[in-house]
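Asker: Pasting a structure below so you can have a look.
The values are calculated or read from the model by the stated rules, or taken from the named source; none is laboratory data. Quick caveat, the model's predicted, so the values are computed rather than measured. A quick note on method: Cβ atoms are made from the backbone with ideal geometry, for glycine too, and the neighbour counts reach across all protein chains shown. Surface accessibility is based on the protein's heavy atoms, side chains included, excluding ligands, DNA and RNA. Shrake-Rupley method; radii C 1.70, N 1.55, O 1.52, S 1.80 Å.
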Amino acid sequence: FLILINLYKMDRLLLILTFCILSNPIFSQEEKPPTKILFVGNSFTFFWNMPQLVSAMAESQGVSINSYQSTVSGSSLEQHWKGEKGSLTRKKIDENNWDYVVLSDHSLRTIDAPEKFREYGKKFIDLVRLKGAEPIFMITWSYKDNPSMQKIISKEYIKLANDFNVKVFPVGPIWDAIRKDNSNIDLYFDNKHPSSVGSYLISLIITKSLTGKSLKDIPKRLFKTDEKGEKFYLSFISSSNSKYLKEFVDKSIE
């Protein structure tokens, strides 16, 4: 299904983009077991505990999501497919019952090797569907010193989504819109990786897309509990940044 993403206040222009993302919440939560999600990617995915942040945010909304990951720093979908760099991604997909598999390629793949992005994206789409799960692609973001990357990145992900009828999380486009709307928020840890604020934003976008619920009551501090019953904190973010990001994502994903 298509859902409208409203990315607002971009150089005085109202930018309306249509992306393929989840148009329905995961649940009726009452009688369903926790949703199982496998995140496949690299450091863009695992920085600041992003998969666990999604679980914690969903839990704060009364939605049960169990997040897992198959991530290797600097890896591409091709390397995940071939089992390079110690990747066990195909084994994890084969041996587990997932509801969703969230896929993202190396940050430069859509620019430097778009044919490989498409080839291995399609391989994973077919494999995930064969195993009874739904593939979803996470659109990545541009480097801090090269914002013009975003147009190409978004174009390639959206083309793949449209051609093979898959959904996407519009992280890169919303990230780019926030960069233009509020220069006081730094989403970057370095030139390319997300800061803790950036990972909080990514998690908000994914959580909103999955649950369909308003983000306004998601806390600024998120934690999980270990096997000993002890809290461990996943993120800390200021009240003002948390409020701004939640409002921006709620307005962007309708």
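Asker: Which length gain, in nm to one decimal place, applies between Lys116 and Asn191 when the Cα-Cα distance is subtracted from 0.36 nm times their residue separation?
Answerer: Between Lys116 and Asn191, full extension yields an extra 24.6 nm.
Asker: Further question: Less than 17 Å from a label point 7 Å out along the Cα-to-Cβ axis of Asp217: which backbone N atoms in segment 237-251 qualify, by residue?
Answerer: Taking a point 7 Å out along Cα→Cβ of Asp217, the residues of segment 237-251 whose backbone N falls under 17 Å are 243, 246-247, 250.
Asker: Looking at the chain, do any whole DSSP H helices span at least 18 angstrom along their long axis by alpha carbon and average 0.0 or above on Kyte-Doolittle, and which?
Answerer: 196-211
Asker: Which one, (i) 40.6, 132; (ii) 17.0, 52; (iii) 17.8, 63, gives Rg and Dmax of the Cα atoms in Å as derived from the coordinates shown?
Answerer: Calculated Rg and Dmax of the Cα atoms in Å: the matching label is (ii).
Asker: May I pose another question? Determine the alpha carbon to alpha carbon distance for each of Lys85/Lys220; Lys144/Lys180; Lys213/Lys243; Lys32/Lys131 and list only those over 23 Å.
Answerer: Those over the limit are Lys85/Lys220.
Asker: Something else now. Is the shape of segment 141-229 rounded, prolate or oblate, going by the alpha carbon gyration tensor and its root eigenvalues a ≥ b ≥ c, with a/c under 1.5 for rounded and a/b larger than b/c for prolate?
Answerer: oblate
Asker: How big is Rg to Rh over segment 48-183, alpha-carbon atoms, Rh as the Kirkwood inverse-mean-distance radius?
Answerer: 0.96
Asker: State whether segment 186-233 is rounded, prolate or oblate according to the following rule on the C-alpha gyration tensor (a ≥ b ≥ c being the square roots of its eigenvalues): a/c under 1.5 gives rounded; otherwise a/b larger than b/c gives prolate, and the remaining case gives oblate.
Answerer: Here segment 186-233 falls in the oblate category.
Asker: A follow-up question, please. For the chain, give me the percentage of DSSP beta bridges that are antiparallel, rounded to the nearest 5 percent.
Answerer: 40
Asker: Under the classification rounded if a/c is under 1.5, otherwise prolate if a/b is larger than b/c and oblate if not, where does segment 79-155 fall, given a ≥ b ≥ c as square roots of the Cα gyration tensor eigenvalues?
Answerer: prolate
Asker: How much mean residue ellipticity at 222 nm does the chain get from its helices, if each DSSP H run of length 4 or more adds -39500 (n - 2.57) and you divide by all residues, to the nearest 500 deg cm²/dmol?
Answerer: -12500 deg cm²/dmol
Asker: With a 1.4 Å probe and all protein chains in place, put Phe232, Phe164 in order of accessible area, largest first.
Answerer: Highest to lowest solvent-accessible surface, that is Phe232, Phe164.
Asker: Applying a 10 Å radius around every beta-carbon, put 127-137, 51-61, 179-189 in order of their mean neighbour count, most first.
Answerer: The packing order, highest mean first, is 51-61, 127-137, 179-189.
Asker: Peptides 202-210, 233-241, 149-157: what's the order by average Cβ count within 10 Å, highest mean first?
Answerer: 202-210, 149-157, 233-241
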